[in-house]
Amino acid sequence: MDSKRLKILSSEQINRAEWTQLSQSARLSTWFQSPECFDLYDATPQLDAFAFGITEEDQLIAVIVGYATPSTGLLRHFSRRAIIQGGMLIANDCPTGAVQALLKHVTTALSDTIYIELRNFNDYSSYRSAFEASGFNYMPHYDIHVNTAADKDIMSALSESKRRQYRKALSLGVTCRQSDNEQDLHDFYQLLRRHYRRRVRRPLMGFDFFRKVVLQKHGILLCVKTKEGEVIGGMLCVGMRNLFEWYICGNEKKSHLYPSTVATIEALLLSQRLGHQNFDFMGAGEPGVKYGVRDFKMKFGGELLELGRYIHVNKPVRYKIGSLIINAVK
């Protein structure tokens, strides 16, 4: 491969039509590397969006889309990080050298961050040497994919307990429907914010971010309601090729109505109706570490995959201090 035929592009320089085409045709692709996802990040004040592409002889062959947390706030020196959700968009015939060249450019362009993390939703093992040669270390991490192809029986793949909970919830009048109603979104967001404050203990995007996701072509809000119409849970999904569970929550006071179970099963059925090959749970913790969420997700008939993550640490001392701070507030 002649490196002189390669050209690095900024987000403004990437041809949008070629970008869209690549995101639709590449095997190593998800919605999170699409132009629409970049636009969402770019329109969100809490995020510093970025996108970089690389061409070979003027043909777009790889793109990286992500966001960095802003360099403001009391803990900015220990928390500014760059997240590349879903991994890297790579053309099916992309040479390893081009992947390495783009990764090296990204590490330079984002050198002000503590670290850069690619969260894989596909198998990038064939490019592992390129990632490691660019200074990215592989970190084992699980994901769960549920096959939702048209010929699959979604309900029979569930655990007996999940089928029983689903039937009971429906018998008590619980429903789950796709909604673009702003009040439904507001009610869902309030439940999610409470869940993040009490259980997740991580920052949550503002309401406007969620509104913009729902307005996206591929954004989907599933709302779980009681027979009286009260929102007791739901899921925010995005779907392009696969359907992704981005955010999910349920009202703990209504746990006897199993809102998270209902939302997940309805999302699986929706994924099948939309013609998606898989439903992606977007992460299931680290191997060897107990994780109750993983146990919950595995009851829906999915396959546990170690797709891993790649991390490049720009500032090792701050990275260690930041990790200690994050663990302390869990």
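Read-outs throughout are calculated quantities, based only on the coordinates presented, and are distinct from any laboratory measurement. Note that the structure is predicted; figures quoted are calculated from it, not measured. Cβ sites come from the backbone with ideal geometry, for glycine too, and all protein chains shown count toward neighbours.
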Student exercise, the chain dipole from Lys, Arg, Asp, Glu Cβ charges, in Debye to nearest 20: 1480
For the chain, set up a Gaussian network in which alpha carbons nearer than 10 Å are linked by springs, and say which option among Phe207, Phe300, Phe50 fluctuates the most. Phe207
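Please go through the stretch 1-64 and write out the trypsin sites (Lys or Arg not before Pro) that DSSP classes as loop and that have at most 16 other C-beta atoms within 10 Å.
Values: sites: Lys4, Arg5, Lys7, Arg16, Arg27; in loops: Arg27.
Sparse-neighbourhood loop trypsin sites (Lys or Arg not before Pro): Arg27.
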Hey, how many Å between the Cα centroid of the stretch 254-289 and the Cα centroid of the stretch 1-62? 29
Per-residue [θ]222 nm for the chain (sum of -39500 (n - 2.57) over DSSP H runs n ≥ 4, rounded to 500): -10000 deg cm²/dmol
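So if I place +1 on the C-beta of Lys and Arg and -1 on the C-beta of Asp and Glu, and nothing else carries charge, what would the dipole magnitude of the stretch 144-306 be about its Cα centre? I want it in debye, nearest 20.
Working: 27 positive and 18 negative charges, 105 e Å.
The calculation lands at about 500 debye.
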Cα centroid of the stretch 222-246 to Cα centroid of the stretch 98-152, whole Å: 28
Long-range amide H partners of Gly86 with built H, under 5 Å: Arg119, Phe121
Would you mind calculating the relative contact order of the chain from Cα pairs under 8 angstrom and at least 6 residues apart, reporting the percent as a whole number? 21
Exposure proxy order (Cβ contacts within 10 Å, fewest to most) of Val317, Val99, Val65, Val214: Val317, Val214, Val99, Val65
Antiparallel content of DSSP bridges confined to the stretch 144-306, in %, to 5: 90
Give the aspartates and glutamates whose C-alpha is closer than 13 Å to that of Lys217, dropping any in the same chain fewer than 8 places away, or say none. Glu36, Asp39, Asp180
